[in-house]
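The block underneath contains the structure these notes are about, expressed in structure tokens.
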Amino acid sequence: MAQYDKKEVLERVEGKWIYVYSSLAPQLHTALSRIGRHVPCPKNNQGKTRFRLLPAVNETGAGFSNDGGVGIRGFISSGVDMLMWLNESHRLPWRLNS
């Protein structure tokens, strides 16, 4: 797996999370078309009000899962955390040298 500098990656995606999600997280398509509104969970497509992207998603990448098991009471605070949650990954593709 390629290694990327965390600081450089985060600088490049700042204010571009909608574009990143459109490219790397197709399961967020419904949530991206209804930012700030409740949608089914993007991981299992269950429920009608289990997930939402927060209004500042483009800047932060943040969202909220009513299914729990992520963040504090379902809060997903960053785009990196969102991508890891969606892909059930705990490995980051960069060196933590920021």
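Running Debye on region 3-69 with equal point scatterers at the Cα sites and no solvent, what base-10 log of I(q)/I(0) appears at q = 0.18, 0.21, 0.25 Å⁻¹? Taking Cα atoms of region 3-69 as identical point scatterers yields -0.66, -0.84, -1.05. In a shell of Cβ-Cβ distance under 11 Å around Arg50, excluding Arg50 itself, what net charge do Lys and Arg (+1) and Asp and Glu (-1) give? Within the 11 Å Cβ shell, the charges total +2. Charge tally around Trp85: other residues with Cβ under 12 Å, Lys/Arg +1 each, Asp/Glu -1 each, net -2. Loop-resident trypsin sites (Lys or Arg not before Pro) (DSSP state other than H, G, I, E or B) in region 21-77 with no more than 15 further Cβ atoms inside 10 Å of their Cβ: Arg34, Arg37, Lys48, Arg73. Any aspartates and glutamates with Cα under 16 Å of the Lys43 Cα? List them, leaving off those in the same chain fewer than 8 positions away. Candidates past the 8-residue exclusion: Asp67, Asp81, Glu88. Within a straight-line Cα-Cα reach of under 23 Å, Lys7 can be paired with the following lysines, leaving aside sequence neighbours fewer than 8 residues apart in one chain: Lys16.
The GluC sites (Glu not before Pro) of region 1-91 that DSSP puts in a loop, and whose beta carbon has at most 13 other beta carbons within 10 Å, are Glu14, Glu88. Phi angles of region 50-59 translate, via the Karplus equation with coefficients 6.51, -1.76, 1.60 and θ = phi - 60°, into HN-Hα couplings of 9, 7, 7, 8, 6, x, 8, 4, 5, 7 Hz per residue; Gly and Pro are given as x. Electrostatic bookkeeping for Trp17 treats Lys and Arg as +1 and Asp and Glu as -1; over the other residues with beta carbon under 14 Å from its beta carbon, the sum is -2.
Values in this text are rule-based calculations from the coordinates and carry no lab data. Only a predicted model underlies this, so the values are computations on that prediction, with no experimental measurement involved. When we count neighbours, we look across all protein chains shown, and the Cβ atoms used for this are built from the backbone with ideal geometry, even at glycine.
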